[in-house]
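Note sheet for the following structure.
The values are calculated or read from the model by the stated rules, or taken from the named source; none is laboratory data. Given the structure is predicted, the values throughout are model-derived calculations rather than measurements. Every residue, glycine as well, gets a Cβ built from its backbone with ideal geometry; the counts of neighbours run over all protein chains shown.
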Amino acid sequence: MDQICVQRESVIIAGFGGQGVLFSGKLLAQTAMHANKEVTLIPAYGAEVRGGTSNCTVIIDEHPIASPMVSTPTSLVIMNKASQAKFAHRLRSDGMLLYNSSLIDTAPDLPETATVVPIPADELAIELGNQRVANMIMLGAYARLSQTLELDAVMDTLPHVLAKRYHNTLATNTAALRKGADFVICHH
């Protein structure tokens with residue numbers, strides 16, 4: 001059962017190419033669609049995909065979305081320093097920033113009304129045996145804290161978004177989503 005999205009949720013997920021940023025956005029958007037929410041997804045790639053910067057903007061709402069553009073997102077999921085420098089100042093004053101403290105050593109200077117959550121995503125992913133699932137750890141943490149969509153709904157959508165050739169990684173990806181959610185329960 002999905003929780004009600006009380007207000008429009010706009011999230012920017014950002015990192016460097018190869019961190020699974022666009023996959024995270026696609027999974028979030030598909031989960032919202034499966035929950036019968038209105039949703040937009042705008043991916044953005046850097047000049048060189050792997051190693052370049054990439055980000056995506058996802059908007060989730062109960063009502064039709066007139067514009068997919070977001071100037072002040074309600075949430076940021078940031079995977080690296082360059083992305084934090086680029087997007088942190090855009091966060092709404094009462095917004096939520098989740099950042100990968102494995103690669104970012106200091107939180108940005110944000111208003112006290114903002115929620116700032118450091119998550120050692122790379123270390124947690126390595127504990128699971130696959131650093132590539134750091135994006136799923138961040139998404140699990142986001143799902144738990146934002147309460148826009150249920151974590152179970154994200155996990156249920158995963159097999160529909162993950163290419164069939166990667167279905168052998170479903171257990172690891174699901175474990176990473178759960179680990180991210182559990183981490184913020186214990187540390188937030």
I'm told SER146 meets every condition in (1) surrounded by 18 or more Cβ atoms within 10 Å (Cβ to Cβ); (2) under 14 Å from LYS26 (Cα atoms) except one. Can you identify the failing condition by its number? (2)
Confirm whether GLU112 is of a type in the set (Asp, Glu), without any contact (Cβ under 8 Å) to a residue 40 or more places away in the chain and surrounded by fewer than 16 Cβ atoms within 10 Å (Cβ to Cβ). yes
With criteria (1) touching a helix residue (DSSP H, G or I) at 6+ places or on another chain (Cβ under 8 Å); (2) of a type in the set (A, V, I, L, M, F, W, C); (3) crowded, with 23+ Cβ neighbours inside 10 Å, ILE59 comes up short on (1)
Tally the residues that are modelled with pLDDT under 90 and either of a type outside the set (A, V, I, L, M, F, W, C) or over 27 Å from GLY18 (Cβ atoms) (or both), restricting the search to the stretch 49-65. 4
Filter pass, THR157 being farther than 22 Å from THR115 by Cβ and either surrounded by 13 or more Cβ atoms within 10 Å (Cβ to Cβ) or among the acidic types (Asp, Glu) (or both): yes
Spot the failing condition for ALA114; the list is (1) under 21 Å from PHE23 (Cβ atoms); (2) small (Gly, Ala, Ser); (3) in contact with a Leu (Cβ under 8 Å, 6 or more places away or on another chain), and only one is missed. (1)
Can you tell me which residues in the stretch 123-143 are assigned to a helix (DSSP H, G or I) and surrounded by fewer than 19 Cβ atoms within 10 Å (Cβ to Cβ)? GLU123, ILE126, GLU127, GLN131, ARG132
